[in-house]
Amino acid sequence: MIRPPRFWSLQRLSVPSLLLAPVAGLYGWVAGRRMRRKPKATATVPVICVGNYVVGGAGKTPTALALARIARAQGLNPGFLTRGYGGSAREPLLVNPDLHDAARVGDEALLLAEAGPVVVSPDRPAGLPLLERAGVDLIIMDDGFQNPSLRKDLSLIVVDGATGIGNGRVFPAGPLRAPLRTQLIRTDAVLIVGDGKPGDRIVRRAARAGKVILKAKLEPAAMQVWGPRSFLAFAGIGRPEKFFNTLDRAGVPLADVKAFPDHHAYTAEDARKLLARADAETLDLITTSKDHARLARQEGDLARLRERTRVFQVRMHFENEARIAALIAETVRRVATR
């Protein structure tokens, strides 16, 4: 995953964005045309897609986990469908955390597997039979909003309130995966995570388009007591600085932080350096659930790093959970009558 360039976040027209406009125009035309294709397959159960408009992370996996929790409270048996970003699996695979590691299925799949059956399948429709055999009656698709291969019964788009859609331009001139209008037309609801003017701008655009507006915050999954030692925090996610800021707000005593690229595959050398620094400066180690999952089923120094590292777990807290529950129930009823 590339690290977002600074000009993607600028609201004014920048020279790099202007120079990349022709390439962005072609990319946007291709992406928009692809999104307008008719779906090749329709699942026998409702499909809720948790997506985003831009390149990078916005909180899709915590949102998917929260949706599954709400669905289970309604008596449903949800399962997950994901392409397994960062993993090597190329054929549909039912994830087994006791057998599979992040190198095989990706870190998101391992986290989702804690909440229900997960099928990793780069070809989304090809993964449907495995989920059907697993007995799910609701599919939550983590990412894939721009992929037209599978019909979506509810498209919930997650937007980081602090970053929004950046400069509003299509990749590579900006962070958008496809022209905003094309994406907005196919959106059912927009979930703004956290506060910020960039998110407010998306709220206004989505509201004018008649879309459901939802709000949420990522918060610690449980209250914890920190100390007496300070921490060295490390993370290889889309916006590691967001994680570090969250630690600070939660009162975690941070001595320093170390950022890695998104979906970083940790090496033994990475582990040795982190462990050596923690030992030399008498620090504890802390990281995200995704990074910790990436260290599962490893040996040697990587296994030692996982054992020595605390996990800062977060959960998605919806401002109006009843509205989310109603959307899920409405989707299930609508699909049952088609």
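Computed from the coordinates by the stated procedures, all read-outs in this text should not be read as laboratory data. Bear in mind the structure is a predicted one, so any value in this text is a computation, not a measurement. In this analysis, Cβ positions are derived from the backbone assuming ideal geometry, glycine residues included, and neighbour counts consider all displayed protein chains.
See the values below:
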quantity	calculated
Reach of LYS258 by Cα under 26 Å, taken over lysines that are not fewer than 8 positions away in the same chain	LYS60, LYS217, LYS242, LYS273, LYS290
Distance in nm between pseudo-label sites at ALA41 and ARG315 (7 Å out along the Cβ direction from Cα)	3.3
Segment 225-281, Cα convex hull volume normalised per residue, Å³	78
Added length on full extension, which subtracts the Cα-Cα distance from 0.36 nm per residue, GLN224 to ARG72	52.0 nm
Assigned charges on the beta-carbon of Lys, Arg, Asp, Glu; segment 224-338 dipole about Cα centre (debye)	500
Sum of -39500 (n - 2.57) over DSSP H runs of 4+, divided by residues of the chain (222 nm, nearest 500)	-10500 deg cm²/dmol
Kirkwood Rh and Cα Rg combined as Rg/Rh, segment 127-246	1.04
Ordering of 186-193, 59-66 by burial proxy (mean other Cβ atoms within 10 Å per residue, highest first)	59-66, 186-193
Cα-based convex hull, segment 73-130, per residue volume (Å³, whole number)	78
Normalised convex hull volume, segment 68-192, alpha-carbon set, Å³ per residue	127
5 angstrom amide H check on GLN313, placed H, neighbours 5+ away	ALA221
Whole-Hz couplings from phi, Karplus 6.51/-1.76/1.60, listed for segment 231-248; x for Gly and Pro	10, 9, 9, 9, 7, x, 10, x, 10, x, 5, 5, 5, 5, 5, 5, 4, 4
Longest to shortest principal axis, alpha-carbon extents of segment 222-338, angstrom	62, 30, 21
Relative contact order for the chain, counting Cα pairs under 8 Å that sit 6 or more residues apart, in percent	21
Rg(Cα) / (2.2 N^0.38 Å) computed for segment 1-108, rounded to two decimals	1.40
Evaluated over segment 28-89, the Cα radius of gyration and Dmax, each in Å	14.4, 42
Highest-first arrangement of 69-79, 34-44, where packing means the average Cβ count within 10 Å	69-79, 34-44
Extension reserve of the ALA322-ALA134 stretch, reckoned as 0.36 nm per residue once the Cα distance is removed	64.9 nm
Fully extended contour minus Cα-Cα distance, from ARG34 to ALA268, at 0.36 nm per residue	80.2 nm
Rounded to whole Å, sorted largest first: equivalent-ellipsoid semi-axes of segment 154-214, Cα gyration tensor	16, 14, 9
